[in-house]
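Here's the structure, in structure tokens; my notes come after.
A short reminder: the numbers here are calculations on the coordinates, not readings from a lab. Quick caveat, the model's predicted, so the values are computed rather than measured. Positions of Cβ are backbone-derived with ideal geometry, glycine not excepted, and every protein chain shown enters the neighbour counts.
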Amino acid sequence: MMDNQQPTIVSVNVLVGILAGIAVILRVLARRIRNLPLKSDDMTIIAALPFSWSICACNIVASTYGLGRHIDTLSSADLIREAQTFFASQLLWAVAIPIIKISILLLYIRIFGVLSYFRYTAYILGVFSVLWGIMVVFVVSLTCRPLKYTWDKSGEGSCINATVFYIIGSGLNVITDFIILFLPLHAVWYLQSSIQQKLQLTGVFLLGSLTCAISLARWCSLFQIHGIDLTWDLTLPTIWSAAEACLGIVSACLPTFRPLFRNSRTPDHSQTNHSSPSQGPKSTRSKIFRRSFSTNQNFLQLQDFSAKALPDNSTSDLVDSSTEVLST
């Protein structure tokens with residue numbers, strides 16, 4: 001009974017926390033390389049980072065008080081402190097996940113927002129994600145009455161079946177993740193472009209499958225909680241919670257990294273304004289792609305316009321990433 005999963009908890013949380021921080025730094029750097037300002041999706045993913053780091057910190061602290069060890073080897077004082085930090089990590093997880101989803105949806109809207117069905121679907125998913133987060137915070141806070149009974153069972157109180165709620169709530173989270181993952185694929189495959197370009201863009205969007213896999217793994221791990229040896233049974237769900245938040249940030253940032261790995265970058269706005277007309281219409285490096293979507297045909301028509309013809313708010317982060325892909 002001296003099993004101890006504390007080293008695993010600490011190492012995994014440190015690793016995913018570092019990866020999330022690096023991803024956000026690289027995302028900001030990619031924007032600076034292209035001389036583009038930070039947009040709303042950039043700001044929301046930056047806002048999600050401290051919440052994700054806080055989840056990792058809570059998990060590490062909880063491990064020092066007994067998370068990852070069998071409950072009968074722990075003192076009452078350690079059990080109380082472990083339960084308090086675990087409680088805090090669950091609230092932080094419920095805040096971080098919706099913010100990450102909002103960031104992804106804001107990116108999608110700036111790409112395909114001209115499609116009304118796409119825009120409304122993204123809005124609905126965004127509202128649902130926010131309401132889901134509020135619901136989780138509310139129910140976690142009311143799991144036990146009085147609140148102190150959540151971590152200190154020495155007094156009088158009562159609790160709902162939290163495991164059932166976590167399974168249902170996490171199941172809704174997994175479903176939302178998969179809907180968000182596949183949302184842009186329909187629009188991509190109706191672009192008037194080559195199969196190779198469509199496959200490349202599909203690959204960019206499917207980078208989010210990492211988050212779906214982790215949220216699914218977290219959901220499955222909840223079925224292993226039996227309520228007797230909680231400090232041991234909660235080890236995997238706790239690890240997956242931190243991984244879902246931190247690697248969700250990584251997945252959201254990956255499509256924006258392409259400017260970091262190109263030897264020859266697309267010129268910025270000031271350069272394109274002075275491009276020579278002799279370069280011809282095929283010189284995509286002197287243009288910024290802008291999507292205009294046909295209303296009388298069953299496909300999305302991709303057109304390009306000179307940069308000076310575009311309004312200031314027409315460039316988006318997928319213009320950064322998809323233009324790089326489409327111009328290769």
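In this structure the amide hydrogen of R69, modeled in the peptide plane, comes within under 5 Å of the amide hydrogens of Q5, none closer than 5 places in sequence on its chain. The H on the amide N of L191, modeled in the peptide plane, is under 5 Å from the matching H of L300, each at least 5 residues off or on a different chain.
Sequence-distant contacts, meaning Cα pairs under 8 Å at least 6 residues apart, place the relative contact order of the range 6-260 at 31 percent.
Seen from every direction in turn and averaged, the convex hull around the alpha carbons of the range 1-110 projects onto 7.5 nm². Normalised by the residues of the range 1-157, what does the relative contact order come to in percent, with Cα pairs under 8 Å and at least six apart? Here the relative contact order equals 25 percent.
Across the range 6-260, the fraction of Cα-Cα pairs farther apart than 35 Å, rounded to a whole number, is 20%.
Counted by neighbouring Cβ atoms within 10 Å, the residues E82, E156, E244 run from fewest to most as E156, E82, E244. Spin-label model, F128 to F261: label points 7 Å out along the Cα-to-beta-carbon direction sit 3.2 nm apart.
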